[in-house]
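Reviewing the structure listed below.
The values are calculated or read from the model by the stated rules, or taken from the named source; none is laboratory data. Not measured: the values here are computed from a predicted model. As a convention, Cβ positions derive from the backbone with ideal geometry for all residues, glycine included, and neighbour counts pool all protein chains shown. With ligands, DNA and RNA removed, areas are computed over all heavy atoms of the protein, side chains included. Shrake-Rupley method; radii C 1.70, N 1.55, O 1.52, S 1.80 Å.
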Amino acid sequence: MEKIAMIPVSKILPEKNQTSLLFIMTSAFWMAVATFIGLLAATELIAPDLTRGMGWLVFGRLRPMHVNLVLFGFVTPGLLGAAFYYLPRLLKTELFSERLGMLTAGLWNLMVAAGALTLSAGFSQGREYAEFIWPVDMLIVTAMGLVLYNFVMTVKNREEKTLYVSVWYANAAIVLTGLTFALGNVIWRPTSGALTGIPDAIILWFYGHNIFGLLLTPLAAGVAYYVIPRACRNPLYSHTLSLLGFWSLIIVYTHVGTHHLLQVPVPTWLKVIGIVDSVGMVIPVMAFLINIWYTAKGRLGEVHADVSAKFVFTGTIMYFFVSIQGSMMALPDVQRITHFNNWVVGHAHIGVLGFAGMIALGGIYYVLPKVLDRPLYSRFLADLQYWLVLIGVTGFTVVLTIVGLIQGTAWLNGETVYRVLPELHVYYVIRASLGVMIFTGALIGLYNVLRTLFFNTGEAAS
Amino acid sequence: MKMTPRVVLIGSVAILTTIVLIMIVTPYFTVDRTPSEIFRSRSEIEAAGRELYIANGCVYCHSQSIRTIDWGHGAERIAQAGDYVGDHPILLGSQRTGPDLSQEGGEHPDDWHLAHFMNPRFTRPLSIMPAFDYLGRKNIDLLITYKQSLGFKEADDRMTRQREWKEKLISAYESGPVENVAFLHAQVPEGWRNIPNPYPTSAAGLARGHKIYQDFCIGCHGPVGDGMGPAQPFLYPPPLNFTLLKDRGVTGGILYYQIMNGIAGSAMPYFKKELESEKIWDVGNFVAVYFINQSDANTPPRGIDAAYEPIVP
């Protein structure tokens, strides 16, 4: 049997980059938890009596647990872990306060755990993506505030006068999301966390879309703008496109939330703005993608050679697909078929897991070896995770799009929900099987991270 | 442009603020908050039931927003902004794994809902809804009260009808099987009562009827049609025992009408939104042949046979 020597703790958490490592561990751990819960929820759609009598695992509680753990437990901490690494480097200084960063990471984990437990216990605001109850909301706003303070003070202490693109995105993401989160969760009404009637729907979906548009997208863009030029050893293609992408993202994304409400009695002028800007989203998306892809042009070999860059680059491709799909399904005629069904679920998975999740994983694999000054425990395991997650999320998108089209077209032609349900069963089985792949990928990733952090890698496989 | 920290932060917040004022604040002050005609305030018990609905995530499978393009459950009334003026949070939903519940109140009596919450497959064999028996009877009653309020005044009207018919049905049931069957048949319009099943009994028809029975009926009426399905302990009056119907005036038309329209006040739902007419005849004949042991399939008056039917000598 292999003799495994533990690396002394003092070498694991060096004086610098402790915050980054803590967020990375947070992300790797909660990815495994979140995907397991997602797998369990998917299994319950096949075998609804599986968890009979276990109220804390009923589908209606698992679903928001899965969503919020993926958002706040896996993707956001992964992207923040990368940000806490690249911000000091791009600014040629040290993080303002590692101690504050570690406190923030601890608070973050407390928030995620408290959020998951309260949802499982049946405490919920009942609003999609905004289910956490008020105390957890306040923990999130506080954590966001602490992150922002650390970021801003680090920027203030910088020695590098140039403000690189990743720095814009990281800071903008946190300040905008802190505000948007507080607004969207209606934190000034602790008992309900909601407005009343149609205005509640408007503010909810303003927030619901912006959790993707103002948090995940800019943080993921920040990682991409940092990793891709370095992996390709090529300067960024265009500063002008960076500016266009950044400002148009903030302007356009914040308008489009109403495209979730096209079939609801919301003022028509709001819908018009939502539709027009949803199509206009092609501007920030393509500005970003052209910039990244042209930076990588002719250097895909370098991208492929670096597992972290491979994850990140794949994430940008996913961003293309999720954005095209999103703009298309914001059109009223398309949405007659795509609303209230699994097309939307497929869309959400490719956006959160395929785009932001992939880039978060890429950020983790980029930062970890550099902080620890030693290679990943296993490149093979990272590649294995890459393929499991890629096949899983692509499969999800295909299967859920099929299911969504079956549902949408059937309902439009007079079939009832109950009659269509049996037709979906086989697709739900496939979807759960793909979930096994993704959960396996999450476990492999967690193992790889832990082995890299805590165990001697001298005898690493392949 | 020169990107400085101040530009990035203040610019971002300024843009966000501007857009919030346009997209959030303006609608907040201009949206019409007039209650719709059917709206009424929720009672305390209904509100408590709604809290349970929220806590257990029912909104992830059930929407509460009927569109102009909807056909199915509850689609008699298109959603209006005034329906939601009392909702905080609003529960529009974004997935219909199950049917929309906008007009759920009064669709079924309380006992159907009780059986459904204990295990949805008792009343809906194909359902993938989880069982809510873990909530306990008291909480389930709160949830039922909330569900029966969906649709507000229209729900109240439907509930009045449910209660009135339930009283009559209980009275008939407790009078004994002869009187009960006579009462049930008397509620079917005379023209329907006198129609035999127009289709001949065939192996294919019986097989189809069998499938439909398993998908829709077995939870209440049981595998041998004696009304002792898993839902039976929760239902009163209990599901009809088909074996009692022999020689008591049952016709194909009576079975068809009751399957099509359901029996308001009892847990028997209408199936006309979910089963085309031939399917209703098929399952009716399946019940007649196997459980009642008396079928009037293809007997006079016959009319013109469907072109595909075999020629009777």
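Checking residue B:120 against (1) open to solvent by 10 Å² or more (accessible area, probe 1.4 Å); (2) out of contact with any Pro (no Cβ under 6 Å at 6 or more places or on another chain); (3) closer than 20 Å to residue B:231 by Cβ, which test does it fail? For residue B:120, the exception is condition (1). Taking helices (runs of 4 or more DSSP H) as the structural unit, those lying wholly within the range B:1-85 and holding at least 1 residues that are assigned by TED's automatic domain parsing to the domain that holds residue B:132 correspond to B:44-55. Identify the residue in the range A:412-433 that is open to solvent by 20 Å² or more (accessible area, probe 1.4 Å), in contact (Cβ under 8 Å) with a residue 12 or more places away in the chain and hydrophobic (A, V, I, L, M, F, W, C) and, among all such residues, is farthest from the other protein chains (Cβ to nearest Cβ). Checked the range A:412-433; the qualifying residue farthest from the other protein chains (Cβ to nearest Cβ) is A:430. Per the listing A:305, A:348, the residue uniquely open to solvent by 10 Å² or more (accessible area, probe 1.4 Å), under 28 Å from residue A:418 (Cα atoms) and among the small types (Gly, Ala, Ser) is A:348.
To keep it simple, each residue is scored yes or no on (1) more than 20 Å from residue A:144 (Cβ to Cβ); (2) of a type in the set (Ser, Thr, Tyr); (3) modelled with pLDDT under 95; (4) surrounded by fewer than 24 Cβ atoms within 10 Å (Cβ to Cβ).
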{"position": "A:16", "(1), (2), (3), (4)": "yes, no, yes, yes"}
{"position": "A:27", "(1), (2), (3), (4)": "no, yes, no, no"}
{"position": "A:39", "(1), (2), (3), (4)": "yes, no, no, yes"}
{"position": "A:55", "(1), (2), (3), (4)": "yes, no, yes, yes"}
{"position": "A:65", "(1), (2), (3), (4)": "yes, no, no, no"}
{"position": "A:74", "(1), (2), (3), (4)": "no, no, no, no"}
{"position": "A:81", "(1), (2), (3), (4)": "no, no, no, no"}
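Within the range A:379-386, identify whether any single residue is touching a residue at least 12 places away in the same chain (Cβ under 8 Å) and open to solvent by less than 10 Å² (accessible area, probe 1.4 Å), and answer yes or no. Taking every residue of the range A:379-386 in turn, at least one turns out to be touching a residue at least 12 places away in the same chain (Cβ under 8 Å) and open to solvent by less than 10 Å² (accessible area, probe 1.4 Å). Take residue A:252 and tell me if it is surrounded by fewer than 20 Cβ atoms within 10 Å (Cβ to Cβ) and within 13 Å of chain B (Cβ to nearest Cβ). The answer is no for residue A:252.
Taken together, the criteria exclude residue A:246 from residues that are within 21 Å of the chain's Cα centre (by Cα) and either away from chain B (no Cβ under 11 Å) or open to solvent by 40 Å² or more (accessible area, probe 1.4 Å) (or both).
Among the listed residues A:290, A:273, identify the single one that is closer than 25 Å to residue A:128 by Cα, assigned to a helix (DSSP H, G or I) and open to solvent by 20 Å² or more (accessible area, probe 1.4 Å). The unique qualifying residue is A:273.
From the list A:198, A:211, A:174, which one is within 9 Å of chain B (Cβ to nearest Cβ), in contact with a Leu (Cβ under 9 Å, 6 or more places away or on another chain) and open to solvent by less than 10 Å² (accessible area, probe 1.4 Å)?
So the residue among A:198, A:211, A:174 that is within 9 Å of chain B (Cβ to nearest Cβ), in contact with a Leu (Cβ under 9 Å, 6 or more places away or on another chain) and open to solvent by less than 10 Å² (accessible area, probe 1.4 Å) is A:198.
Go through the range B:265-304 and give me each residue that's in contact with a Pro (Cβ under 8 Å, 6 or more places away or on another chain) and either assigned to a loop (DSSP other than H, G, I, E, B) or small (Gly, Ala, Ser) (or both).
B:265, B:266, B:267, B:268, B:296, B:297, B:298, B:299, B:300, B:301, B:302, B:303
Filtered by the rule that a residue be in a helix (DSSP H, G or I) and either modelled with pLDDT under 95 or more than 19 Å from residue B:15 (Cβ to Cβ) (or both), the range A:180-204 gives A:198, A:199, A:200, A:201, A:204. The residue that is surrounded by the most Cβ atoms within 10 Å (Cβ to Cβ), counting only those in the range A:177-195 that are among the hydrophobic types (A, V, I, L, M, F, W, C) and more than 9 Å from chain B (Cβ to nearest Cβ), is A:181. Being touching a Lys or Arg at 6+ places or on another chain (Cβ under 9 Å), surrounded by fewer than 16 Cβ atoms within 10 Å (Cβ to Cβ) and more than 30 Å from residue A:48 (Cα to Cα) is not true of residue B:22. Does the range B:149-162 include one or more residues that are more than 14 Å from chain A (Cβ to nearest Cβ), hydrophobic (A, V, I, L, M, F, W, C) and part of a helix (DSSP H, G or I)? Looking through the range B:149-162, at least one residue is more than 14 Å from chain A (Cβ to nearest Cβ), hydrophobic (A, V, I, L, M, F, W, C) and part of a helix (DSSP H, G or I).
Remark: residue B:13 falls outside the filter, which requires a residue to be among the β-branched types (Val, Ile, Thr), free of Cβ contacts under 8 Å to residues at least 60 places away in the same chain, at the interface with chain A (Cβ under 8 Å from one of its Cβ atoms) and surrounded by 17 or more Cβ atoms within 10 Å (Cβ to Cβ).
Results for (1) within 23 Å of residue A:438 (Cβ to Cβ); (2) touching a His at 6+ places or on another chain (Cβ under 9 Å), shown as yes or no for each residue.
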{"position": "A:358", "(1), (2)": "yes, no"}
{"position": "A:363", "(1), (2)": "yes, no"}
{"position": "A:370", "(1), (2)": "no, no"}
{"position": "A:375", "(1), (2)": "no, no"}
{"position": "A:380", "(1), (2)": "yes, no"}
{"position": "A:400", "(1), (2)": "yes, yes"}
{"position": "A:412", "(1), (2)": "no, no"}
{"position": "A:415", "(1), (2)": "no, no"}
{"position": "A:418", "(1), (2)": "no, yes"}
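Of the residues making up the range B:206-233, those that are farther than 22 Å from residue B:117 by Cα and either outside any helix (DSSP H, G or I) or open to solvent by 50 Å² or more (accessible area, probe 1.4 Å) (or both) are B:207, B:208, B:210, B:211, B:224, B:225, B:226. Quick check on the range B:34-49. Is at least one of its residues within 9 Å of another protein chain (Cβ to nearest Cβ) and either at pLDDT below 95 or closer than 23 Å to residue B:158 by Cα (or both)? No, that holds for no residue.
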